[in-house]
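Report on one structure; see the data block that follows.
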Amino acid sequence: MSMILSASVIRVRDGLPLSASTDYEQGTGVQECRKYFKMLSKKLAQLPDRCTLKTGHYNINFISSLGVSYMMLCTENYPNVLAFSFLDELQKEFITTYNMMKTNTAVRPYCFIEFDNFIQRTKQRYNNPRSLSTKINLSDMQMEIKLRPPYQISMCELGSANGVTSAFSVDYKGAGKISSAHLRLEPATLSGIVAFILSLLCGALNLIRGFHAIESVLQSDGEDFNYVVAFFLGTAACLYQCYLLVYYTSWRNVKSFLTFGLICLCNMYLYELRNLWQLFFHVTVGAFVTLQIWLRQAQGKAPDYDV
(Lines give C-alpha, C1' and ligand atoms only; values in the text may rest on other atoms or scores of the structure.)
Protein backbone atom coordinates (compact mmCIF):
# COMPACT_ATOMS: atom_id res chain seq x y z
CA MET A 1 0.00 0.00 0.00
CA SER A 2 1.28 3.47 -0.93
CA MET A 3 1.54 5.65 2.18
CA ILE A 4 3.56 8.02 4.40
CA LEU A 5 4.86 6.23 7.50
CA SER A 6 6.53 8.92 9.61
CA ALA A 7 8.02 12.42 9.54
CA SER A 8 10.57 14.44 11.51
CA VAL A 9 11.66 18.05 11.87
CA ILE A 10 15.41 18.41 12.38
CA ARG A 11 17.76 21.35 12.86
CA VAL A 12 20.32 21.39 10.05
CA ARG A 13 23.21 22.86 12.04
CA ASP A 14 23.66 19.98 14.47
CA GLY A 15 21.00 17.40 13.60
CA LEU A 16 18.92 18.12 16.73
CA PRO A 17 15.42 16.59 16.34
CA LEU A 18 12.83 19.28 17.01
CA SER A 19 9.67 17.24 16.42
CA ALA A 20 8.66 13.86 15.02
CA SER A 21 5.80 11.45 14.48
CA THR A 22 4.90 9.65 17.68
CA ASP A 23 3.07 6.80 15.95
CA TYR A 24 4.98 4.72 13.46
CA GLU A 25 5.19 1.09 12.47
CA GLN A 26 7.55 -1.20 14.35
CA GLY A 27 8.49 -3.42 11.39
CA THR A 28 12.12 -4.41 10.81
CA GLY A 29 12.36 -2.41 7.59
CA VAL A 30 10.93 0.71 9.19
CA GLN A 31 13.29 0.45 12.17
CA GLU A 32 16.24 0.15 9.79
CA CYS A 33 15.07 3.27 7.96
CA ARG A 34 14.88 5.20 11.22
CA LYS A 35 18.62 4.51 11.62
CA TYR A 36 19.09 6.18 8.25
CA PHE A 37 17.11 9.14 9.61
CA LYS A 38 19.75 9.59 12.31
CA MET A 39 22.62 9.17 9.88
CA LEU A 40 21.18 11.69 7.44
CA SER A 41 20.48 14.21 10.21
CA LYS A 42 24.22 14.39 10.93
CA LYS A 43 25.00 15.21 7.30
CA LEU A 44 22.23 17.69 6.47
CA ALA A 45 24.60 20.66 6.34
CA GLN A 46 26.62 18.93 3.57
CA LEU A 47 23.61 17.85 1.49
CA PRO A 48 21.45 19.76 -1.02
CA ASP A 49 18.16 21.22 0.18
CA ARG A 50 15.98 18.60 -1.56
CA CYS A 51 17.01 14.95 -1.46
CA THR A 52 15.73 11.39 -1.75
CA LEU A 53 17.29 8.23 -0.33
CA LYS A 54 15.95 4.92 -1.66
CA THR A 55 16.23 2.12 0.91
CA GLY A 56 14.73 -1.00 -0.64
CA HIS A 57 10.96 -0.91 -0.13
CA TYR A 58 11.02 2.59 1.41
CA ASN A 59 12.05 6.10 0.42
CA ILE A 60 13.31 8.87 2.68
CA ASN A 61 12.65 12.38 1.33
CA PHE A 62 13.59 15.69 2.90
CA ILE A 63 13.78 19.40 2.21
CA SER A 64 15.81 22.02 4.10
CA SER A 65 15.11 25.71 4.52
CA LEU A 66 16.15 28.43 6.99
CA GLY A 67 18.30 26.04 8.98
CA VAL A 68 15.54 23.43 9.50
CA SER A 69 15.03 20.15 7.62
CA TYR A 70 11.72 18.32 7.14
CA MET A 71 12.16 14.58 6.63
CA MET A 72 9.62 11.85 5.86
CA LEU A 73 9.57 8.10 5.34
CA CYS A 74 7.20 6.58 2.80
CA THR A 75 6.76 3.41 0.80
CA GLU A 76 8.75 3.15 -2.44
CA ASN A 77 5.66 3.55 -4.65
CA TYR A 78 4.41 6.73 -2.95
CA PRO A 79 4.25 9.54 -5.59
CA ASN A 80 7.15 11.99 -5.47
CA VAL A 81 4.92 15.00 -6.03
CA LEU A 82 2.75 14.09 -3.02
CA ALA A 83 5.82 13.41 -0.85
CA PHE A 84 7.37 16.83 -1.46
CA SER A 85 4.02 18.59 -1.30
CA PHE A 86 3.57 17.00 2.15
CA LEU A 87 7.02 18.26 3.22
CA ASP A 88 6.24 21.70 1.82
CA GLU A 89 3.10 21.90 4.00
CA LEU A 90 5.09 20.90 7.08
CA GLN A 91 7.67 23.56 6.30
CA LYS A 92 5.12 26.37 5.85
CA GLU A 93 3.27 25.48 9.06
CA PHE A 94 6.45 25.14 11.13
CA ILE A 95 7.83 28.49 9.93
CA THR A 96 4.51 30.12 10.71
CA THR A 97 4.25 28.56 14.17
CA TYR A 98 7.83 28.91 15.44
CA ASN A 99 10.24 31.78 14.83
CA MET A 100 13.91 31.27 13.97
CA MET A 101 15.06 32.45 17.38
CA LYS A 102 13.28 29.53 19.06
CA THR A 103 14.63 26.93 16.64
CA ASN A 104 18.18 28.29 16.80
CA THR A 105 18.30 28.39 20.60
CA ALA A 106 16.58 25.05 21.26
CA VAL A 107 18.76 22.74 23.37
CA ARG A 108 16.45 19.80 24.19
CA PRO A 109 15.50 17.16 21.62
CA TYR A 110 11.83 17.17 20.57
CA CYS A 111 11.14 20.47 22.33
CA PHE A 112 8.43 21.16 19.69
CA ILE A 113 6.80 17.75 19.98
CA GLU A 114 3.35 19.38 19.98
CA PHE A 115 3.92 19.99 16.27
CA ASP A 116 3.26 16.26 15.88
CA ASN A 117 -0.47 17.07 15.98
CA PHE A 118 -0.13 18.89 12.68
CA ILE A 119 2.12 16.14 11.28
CA GLN A 120 -0.54 13.51 12.09
CA ARG A 121 -3.39 15.49 10.53
CA THR A 122 -1.41 16.22 7.39
CA LYS A 123 -0.19 12.63 7.14
CA GLN A 124 -3.76 11.33 7.28
CA ARG A 125 -4.78 13.67 4.46
CA TYR A 126 -1.87 12.64 2.26
CA ASN A 127 -2.43 8.95 2.96
CA ASN A 128 -5.90 9.44 1.49
CA PRO A 129 -5.16 11.47 -1.69
CA ARG A 130 -8.85 11.60 -2.67
CA SER A 131 -9.52 13.83 0.33
CA LEU A 132 -6.70 16.25 -0.47
CA SER A 133 -7.73 19.86 -0.80
CA THR A 134 -4.40 20.88 -2.31
CA LYS A 135 -4.78 19.38 -5.79
CA ILE A 136 -4.49 22.82 -7.38
CA ASN A 137 -1.00 23.25 -5.92
CA LEU A 138 0.21 19.80 -6.96
CA SER A 139 0.72 20.91 -10.56
CA ASP A 140 3.12 23.64 -9.38
CA MET A 141 5.02 21.13 -7.25
CA GLN A 142 5.16 18.67 -10.13
CA MET A 143 6.62 21.33 -12.40
CA GLU A 144 9.16 22.36 -9.75
CA ILE A 145 10.30 18.75 -9.26
CA LYS A 146 10.59 18.33 -13.02
CA LEU A 147 12.72 21.48 -13.37
CA ARG A 148 14.78 20.80 -10.24
CA PRO A 149 14.55 17.10 -9.32
CA PRO A 150 15.62 16.00 -5.84
CA TYR A 151 19.22 14.90 -5.40
CA GLN A 152 19.41 11.10 -5.24
CA ILE A 153 21.53 10.07 -2.26
CA SER A 154 23.27 6.73 -2.70
CA MET A 155 23.75 4.36 0.22
CA CYS A 156 27.53 4.70 -0.02
CA GLU A 157 27.22 8.45 0.64
CA LEU A 158 26.02 7.76 4.19
CA GLY A 159 29.62 6.87 5.04
CA SER A 160 29.20 4.26 7.76
CA ALA A 161 26.35 2.19 9.11
CA ASN A 162 26.17 0.43 12.48
CA GLY A 163 29.76 1.37 13.21
CA VAL A 164 31.14 -0.25 10.03
CA THR A 165 32.84 2.11 7.60
CA SER A 166 31.55 1.85 4.07
CA ALA A 167 33.91 0.71 1.32
CA PHE A 168 32.87 3.84 -0.56
CA SER A 169 33.61 6.30 2.25
CA VAL A 170 36.51 7.76 0.25
CA ASP A 171 34.11 8.49 -2.61
CA TYR A 172 31.72 10.15 -0.18
CA LYS A 173 34.45 12.46 1.09
CA GLY A 174 35.19 13.48 -2.46
CA ALA A 175 31.51 14.10 -3.13
CA GLY A 176 31.31 16.18 0.04
CA LYS A 177 34.04 18.44 -1.23
CA ILE A 178 32.17 18.96 -4.46
CA SER A 179 28.79 19.61 -2.87
CA SER A 180 30.23 21.92 -0.19
CA ALA A 181 30.94 24.46 -2.91
CA HIS A 182 27.20 24.72 -3.49
CA LEU A 183 26.17 25.15 0.12
CA ARG A 184 24.43 28.35 1.08
CA LEU A 185 24.55 30.08 4.42
CA GLU A 186 21.73 30.77 6.83
CA PRO A 187 19.95 34.12 6.32
CA ALA A 188 22.02 37.10 7.46
CA THR A 189 21.15 38.61 10.83
CA LEU A 190 21.24 42.31 11.71
CA SER A 191 24.56 41.84 13.54
CA GLY A 192 25.96 40.09 10.48
CA ILE A 193 24.98 43.01 8.22
CA VAL A 194 26.56 45.49 10.69
CA ALA A 195 29.74 43.37 10.74
CA PHE A 196 29.86 43.38 6.93
CA ILE A 197 29.53 47.19 6.78
CA LEU A 198 32.16 47.75 9.49
CA SER A 199 34.59 45.40 7.73
CA LEU A 200 34.12 47.32 4.48
CA LEU A 201 34.74 50.57 6.38
CA CYS A 202 38.00 49.24 7.85
CA GLY A 203 39.08 48.05 4.41
CA ALA A 204 38.36 51.47 2.93
CA LEU A 205 40.31 53.22 5.72
CA ASN A 206 43.29 50.93 5.15
CA LEU A 207 43.11 51.53 1.41
CA ILE A 208 43.06 55.33 1.80
CA ARG A 209 45.97 55.25 4.27
CA GLY A 210 47.82 52.92 1.90
CA PHE A 211 47.64 55.45 -0.96
CA HIS A 212 48.77 58.20 1.41
CA ALA A 213 51.70 56.02 2.45
CA ILE A 214 52.67 55.58 -1.23
CA GLU A 215 52.71 59.37 -1.65
CA SER A 216 54.94 59.69 1.41
CA VAL A 217 57.35 57.08 0.05
CA LEU A 218 57.57 58.87 -3.30
CA GLN A 219 58.18 62.24 -1.65
CA SER A 220 60.68 61.05 0.94
CA ASP A 221 63.36 58.37 0.62
CA GLY A 222 63.33 57.80 4.36
CA GLU A 223 59.78 56.43 4.50
CA ASP A 224 59.32 52.70 5.08
CA PHE A 225 57.65 50.96 2.13
CA ASN A 226 56.61 48.14 4.48
CA TYR A 227 53.91 50.46 5.83
CA VAL A 228 52.34 50.48 2.36
CA VAL A 229 52.38 46.68 2.32
CA ALA A 230 50.80 46.53 5.79
CA PHE A 231 47.97 48.89 4.81
CA PHE A 232 47.14 46.96 1.64
CA LEU A 233 47.35 43.60 3.43
CA GLY A 234 44.91 45.00 5.99
CA THR A 235 42.57 46.01 3.16
CA ALA A 236 42.78 42.55 1.60
CA ALA A 237 42.11 40.89 4.97
CA CYS A 238 39.01 43.02 5.61
CA LEU A 239 37.60 42.32 2.15
CA TYR A 240 38.28 38.60 2.53
CA GLN A 241 36.40 38.64 5.83
CA CYS A 242 33.44 40.15 3.96
CA TYR A 243 33.70 37.33 1.42
CA LEU A 244 33.75 34.66 4.16
CA LEU A 245 30.75 36.31 5.80
CA VAL A 246 28.70 36.10 2.59
CA TYR A 247 29.88 32.88 0.89
CA TYR A 248 30.54 29.34 2.06
CA THR A 249 34.02 27.87 1.46
CA SER A 250 35.81 24.84 2.80
CA TRP A 251 37.74 25.44 6.05
CA ARG A 252 35.76 28.66 6.41
CA ASN A 253 36.19 29.01 10.17
CA VAL A 254 39.93 28.35 10.01
CA LYS A 255 40.32 30.92 7.23
CA SER A 256 38.41 33.50 9.27
CA PHE A 257 40.70 32.95 12.26
CA LEU A 258 43.86 33.25 10.12
CA THR A 259 42.48 36.40 8.47
CA PHE A 260 41.83 37.93 11.89
CA GLY A 261 45.40 37.05 12.85
CA LEU A 262 46.66 38.91 9.76
CA ILE A 263 44.60 41.96 10.74
CA CYS A 264 46.17 41.93 14.21
CA LEU A 265 49.71 41.61 12.78
CA CYS A 266 49.16 44.50 10.33
CA ASN A 267 47.89 46.75 13.11
CA MET A 268 50.82 45.78 15.34
CA TYR A 269 53.21 46.87 12.58
CA LEU A 270 51.28 50.11 12.06
CA TYR A 271 51.46 50.95 15.77
CA GLU A 272 53.52 54.10 15.15
CA LEU A 273 51.07 55.47 12.56
CA ARG A 274 47.85 54.90 14.50
CA ASN A 275 46.69 55.92 17.96
CA LEU A 276 45.31 53.42 20.46
CA TRP A 277 41.68 54.14 19.59
CA GLN A 278 42.28 53.47 15.90
CA LEU A 279 44.09 50.21 16.69
CA PHE A 280 41.33 49.19 19.08
CA PHE A 281 38.66 49.92 16.45
CA HIS A 282 40.32 47.87 13.70
CA VAL A 283 41.09 44.87 15.94
CA THR A 284 37.63 44.92 17.57
CA VAL A 285 35.88 45.04 14.19
CA GLY A 286 38.06 42.15 12.98
CA ALA A 287 37.13 40.09 16.05
CA PHE A 288 33.42 40.95 15.66
CA VAL A 289 33.39 39.91 11.99
CA THR A 290 35.21 36.66 12.82
CA LEU A 291 32.56 35.89 15.44
CA GLN A 292 29.76 36.53 12.93
CA ILE A 293 31.45 34.23 10.41
CA TRP A 294 31.53 31.47 13.02
CA LEU A 295 27.89 32.05 14.00
CA ARG A 296 26.54 32.05 10.43
CA GLN A 297 26.35 28.34 9.63
CA ALA A 298 25.81 26.60 6.32
CA GLN A 299 22.57 24.96 5.28
CA GLY A 300 21.90 22.49 2.51
CA LYS A 301 21.68 23.79 -1.03
CA ALA A 302 21.10 22.15 -4.35
CA PRO A 303 23.88 22.69 -6.94
CA ASP A 304 21.56 24.45 -9.37
CA TYR A 305 19.87 26.64 -6.79
CA ASP A 306 21.62 29.97 -6.52
CA VAL A 307 20.94 33.11 -4.51
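The values are calculated or read from the model by the stated rules, or taken from the named source; none is laboratory data. The structure displayed is predicted, hence computed values, not measured ones. Glycine gets a Cβ as well: all are built from the backbone with ideal geometry, and neighbour counts include every protein chain shown. These area figures cover heavy atoms from the full protein model, side chains too; ligands, DNA and RNA do not enter into them. Shrake-Rupley method; radii C 1.70, N 1.55, O 1.52, S 1.80 Å.
Annotations
- Number of residues in segment 106-126 that are open to solvent by less than 40 Å² (accessible area, probe 1.4 Å) and more than 14 Å from Ser8 (Cα to Cα): the value is 2.
- Leading residue by the ranking (farthest from the chain's Cα centre (by Cα)) among those in segment 59-88 that are of a type in the set (Val, Ile, Thr) and farther than 18 Å from Val12 by Cβ: Thr75
- Neighbours by Cβ (under 7 Å, 6+ apart or cross-chain): first from segment 72-95, of a type in the set (Asp, Glu); second open to solvent by 10 Å² or more (accessible area, probe 1.4 Å) and part of a loop (DSSP other than H, G, I, E, B): Glu76/His57
- Residue in segment 251-273 that is open to solvent by 60 Å² or more (accessible area, probe 1.4 Å) and closer than 30 Å to Arg148 by Cα present: yes
- For segment 221-229, the criterion of being open to solvent by less than 50 Å² (accessible area, probe 1.4 Å) and more than 26 Å from Phe288 (Cα to Cα) is met by no residue.
- Of all residues in segment 10-33, those that are within 27 Å of Thr97 (Cβ to Cβ) and modelled with pLDDT of 65 or more have Cβ atoms under 6 Å from Cβ atoms of residues that are open to solvent by 30 Å² or more (accessible area, probe 1.4 Å) and β-branched (Val, Ile, Thr), 6 or more apart or on another chain, in Ser19/Ile113.
- Residue within segment 284-293 that is open to solvent by less than 40 Å² (accessible area, probe 1.4 Å) and over 22 Å from the mean Cα position of the chain (by Cα) present: yes
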